[in-house]
Structure formats: C-alpha cells, structure tokens
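J.: Sharing a structure below in structure tokens format, with a few things to ask.
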Amino acid sequence: MQVILFVPAIVAALGIVFAQECVSLLGLNNNTYVIVIAIALIVFIALLNSLGAKFGGVMQTISTVCKLIPLAVIII
C-alpha cells in the first residue's frame, strides 16, 4: 500500500505545493511554470530515493543544515 499509493501521493503533493510556492515567490502567474517545476522536483526526489537510504540520509542532513543556517542568522 505504501509503495503503490502512499509514497507516490506524498511525493506528488510535495512537488505541486513546492512548485506553487516557488512560482508565487517569484511573482510568476503561469501554470506552465508550476507543472514544469513540479515534474522536475518529482523526478529529482525519485532519483534521490533510487540512490539508496544512506545517500538519502546524507541529503537529509545537508538540507536540514541548510535550513538551520538562515534561522540562526535571523535569531542572531
């Protein structure tokens, strides 16, 4: 159930929401950009997932550090 239904739906939702927010942040009002960015992100996530759990863990750690740096700068 998770392989067929749950995980692909989560990845698709993540791609669409990220693309919508990205297009909104850049001030673009075209749904074509949303579709292109969402597809690119879905392919990127699928590629990361296919490389293995260890590599995914490294990428997760890197992305967490990249998110914490701006928060630390804002706090300081």
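J.: Need pairs with beta-carbon distance below 8 Å; first residue of a type in the set (Phe, Trp, Tyr) and within segment 1-28, second surrounded by 10 or more Cβ atoms within 10 Å (Cβ to Cβ); sequence gap 6+ or separate chains.
T.: Filtered contacts from segment 1-28: Phe18/Ile37; Phe18/Ala38; Phe18/Leu41.
J.: Working only within segment 43-76, note down all residues that are among the hydrophobic types (A, V, I, L, M, F, W, C) and under 17 Å from Ile10 (Cβ atoms).
T.: Taking segment 43-76 first, the residues among the hydrophobic types (A, V, I, L, M, F, W, C) are 43-48, 51, 53, 55, 58-59, 62, 65-66, 68-69, 71-76.
Scanning segment 43-76 gives Val43, Phe44, Ile45, Ala46, Leu47, Leu48, Ala53, Met59.
J.: Looking at Met59 and the list (1) modelled with pLDDT of 90 or more; (2) out of contact with any Gly (no Cβ under 6 Å at 6 or more places or on another chain); (3) not aromatic (Phe, Trp, Tyr), which single condition is not satisfied?
T.: Failing condition for Met59: (1).
J.: In segment 5-24, what count of residues is obtained for those that are aliphatic (A, V, I, L, M) and more than 12 Å from the chain's Cα centre (by Cα)? If you could, list the steps in order and put the result at the bottom.
T.: Of segment 5-24, the ones aliphatic (A, V, I, L, M) are 5, 7, 9-14, 16-17, 19, 23.
If we keep only those that are more than 12 Å from the chain's Cα centre (by Cα) too, we end up with 5, 7, 9, 23.
Matching residues across segment 5-24 total 4.
J.: Just to be sure I understand the filter: pairs with C-beta atoms under 7 Å, separated by 6 or more residues or on different chains, first member in segment 31-44 and open to solvent by 100 Å² or more (accessible area, probe 1.4 Å), second member modelled with pLDDT of 90 or more. Which pairs pass?
T.: From segment 31-44, the pairs are Tyr33/Val23.
The values are calculated or read from the model by the stated rules, or taken from the named source; none is laboratory data. Keep in mind that what you see is a predicted model, and the values were worked out from it rather than measured. Neighbour counts run over all protein chains shown; Cβ positions are idealised from the backbone, glycine included. Note: accessible area is taken over every heavy atom of the protein model, side chains too, but ligands, DNA and RNA are not part of it. Shrake-Rupley method; radii C 1.70, N 1.55, O 1.52, S 1.80 Å.
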